[in-house]
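Report on the structure given below.
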Amino acid sequence: MAVSGEEFDVIVVGAGVMGSSTAYQVSKRGHKVLLLEQFDFLHQRGSSHGESRTIRATYPEEYYYPMVMESYKLWEEAESHIGYKVYFRAQQFDMGSSDDKCLREVIATCQKHSIPHEILDRQQVSDKFSGRFDIPDSWVGVCTSDGGVIKPTKAVSMFQTLAIQNGTVLRDYMEVEDIRKDGVKGGVWVYTSNGEKFWGKKCVVTVGAWTTKLVKTVSGIDLPIQPLETMVCYWRIKEGHEDKYAIGSDFPTFASYGEPYIYGTPSLEFPGLIKVAVHGGYPCDPDKRPWGPGMALGTLKQWVEERLSSLVDSGGPVATQLCMYSMTPDEDFVIDFLGGEFGKDVVVGGGFSGHGFKMSPVVGRILTDLVLTGEAKGIELKHFRIGRFEENPKGNFKEFLHHVM
């Protein structure tokens with residue numbers, strides 16, 4: 001166990017999936033790492049808990065494609081080291097109006113990167129999925145093989161276990177309240193609310209919904225990362241049809257473009273239930289959350305009834321779970337040096353906007369590259385700079401509309 005005053009090569013603040021992945025990557029390279037968590041490990045107050053997240057390569061922003069493809073490999077590499085699965089393969093099915101700009105960009109990404117895909121009309125969708133999806137005549141479907149489901153809590157535990165095996169020190173109930181430059185010997189001091197402090201040559205901040213608060217305290221920078229409370233919904237598959245929607249069958253992970261943006265996964269965590277939810281939520285203070293009552297479900301009920309061919313009970317979800325988003329105005333990540341007096345000694349990863357979990361292995365690799373070498377290879381990071389919000393408060397320009405409430 002680390003004791004106050006102990007010194008490390010890298011201190012990672014925040015032990016959600018991004019911080020845990022980073023601790024694993026840094027420790028794998030032989031460095032002494034301290035991973036700090038303000039609550040207990042594997043808690044349910046942030047964005048890295050629960051039973052399923054989708055993984056897909058079909059992004060309207062083509063710069064995410066290489067990140068996802070590297071993550072597929074890194075998920076499997078980590079699984080090979082731990083000896084159990086956290087990633088379960090499935091097809092990915094995207095659907096929406098044929099003139100939806102976002103969906104058209106998804107198709108463009110598939111074409112640009114030669115992603116094998118099928119563009120299907122209503123009848124072809126019905127045929128391919130044996131009537132389990134019903135889209136309007138004015139819609140199209142896009143089907144690819146690179147989809148799947150990740151088990152979030154299990155994945156975080158995996159990265160933490162691998163980090164421990166590499167010598168990482170883990171401490172929970174360590175709320176970091178300040179990070180200060182050591183003007184004498186370099187590096188930084190990390191101070192916790194219970195009076196302990198640790199020195200590190202470098203520091204990585206991955207605190208999810210608390211990113212804006214901590215970065216403001218440490219540097220004075222106002223990052224436009226808005227915490228949202230979102231609700232995940234599980235719906236009962238009608239009796240006799242359960243196997244048709246189970247993971248391992250030909251039922252895909254899916255996304256429905258438009259307002260609202262709706263996504264879902266095959267039945268995995270709860271037998272006989274399918275996850276169908278809205279990508280969005282309500283602004284909140286992560287330290288003063290409302291814990292519900294959640295979002296209005298009228299549109300979602302209608303979607304389940306009409307798109308899932310009445311084979312799923314649309315009367316209402318039979319189970320719900322609350323989770324946090326850390327939303328940027330452009331829904332792109334923040335991966336950058338904190339700068340100022342810290343220079344390249346402190347790196348921030350945040351604002352993962354409800355779609356970052358799938359890319360946590362490559363985000364961990366990138367944050368590790370930045371903190372150890374000062375640059376990240378293989379990925380273009382200009383879209384994730386902190387400075388983009390100084391140039392434009394809305395961040396990266398996009399022709400298509402955002403889907404978050």
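Residues that are of a type outside the set (F, W, Y), open to solvent by 20 Å² or more (accessible area, probe 1.4 Å) and free of Cβ contacts under 8 Å to residues at least 60 places away in the same chain: does segment 223-230 have at least one?
No, because not a single residue in segment 223-230 is of a type outside the set (F, W, Y), open to solvent by 20 Å² or more (accessible area, probe 1.4 Å) and free of Cβ contacts under 8 Å to residues at least 60 places away in the same chain.
Scan segment 108-131 for residues that are open to solvent by less than 20 Å² (accessible area, probe 1.4 Å), touching a helix residue (DSSP H, G or I) at 6+ places or on another chain (Cβ under 7 Å) and either closer than 16 Å to F254 by Cα or not β-branched (V, I, T) (or both) and jot them down.
Scanning segment 108-131 gives a single hit, L120.
Considering only residues that are assigned to a helix (DSSP H, G or I), hydrophobic (A, V, I, L, M, F, W, C) and open to solvent by 40 Å² or more (accessible area, probe 1.4 Å), which ones fall in segment 50-90?
Across segment 50-90, the qualifying residue is only M69.
Scan D121, D99, D127, D40 and give me the residue that is in contact (Cβ under 8 Å) with a residue 40 or more places away in the chain and over 17 Å from the mean Cα position of the chain (by Cα).
Working: D121 fails: in contact (Cβ under 8 Å) with a residue 40 or more places away in the chain; D99 fails: in contact (Cβ under 8 Å) with a residue 40 or more places away in the chain; D127 fails: in contact (Cβ under 8 Å) with a residue 40 or more places away in the chain.
After applying the criteria, what remains is D40.
So, T192, is that one in contact with a Pro (Cβ under 9 Å, 6 or more places away or on another chain), modelled with pLDDT of 95 or more and open to solvent by less than 40 Å² (accessible area, probe 1.4 Å) or not?
Taking the combined requirement at face value, the residue does not satisfy it.
Spot the failing condition for L367; the list is (1) open to solvent by less than 20 Å² (accessible area, probe 1.4 Å); (2) under 17 Å from W210 (Cα atoms); (3) hydrophobic (A, V, I, L, M, F, W, C), and only one is missed.
(2)
Within segment 336-355, which residues are within 15 Å of the chain's Cα centre (by Cα) and surrounded by fewer than 24 Cβ atoms within 10 Å (Cβ to Cβ)?
Passing the criteria: S353, G354, H355.
Considering only strands (runs of 3 or more DSSP E) fully contained in segment 244-357, which possess at least 3 residues that are closer than 30 Å to I11 by Cα and not polar (S, T, N, Q)?
Ranges flagged: 319-327, 334-337, 346-350.
Just name the residue that is least open to solvent (accessible area, probe 1.4 Å) out of those in segment 13-49 that are assigned to a loop (DSSP other than H, G, I, E, B) and among the hydrophobic types (A, V, I, L, M, F, W, C).
Restricting to residues being assigned to a loop (DSSP other than H, G, I, E, B) and among the hydrophobic types (A, V, I, L, M, F, W, C), the top hit is A15.
The values are calculated or read from the model by the stated rules, or taken from the named source; none is laboratory data. All values derive from a computational prediction rather than experimental measurement. With ideal geometry, Cβ positions are generated from the backbone for all residues, glycine too; neighbour counts draw on all protein chains shown. Note: accessible area is taken over every heavy atom of the protein model, side chains too, but ligands, DNA and RNA are not part of it. Shrake-Rupley method; radii C 1.70, N 1.55, O 1.52, S 1.80 Å.
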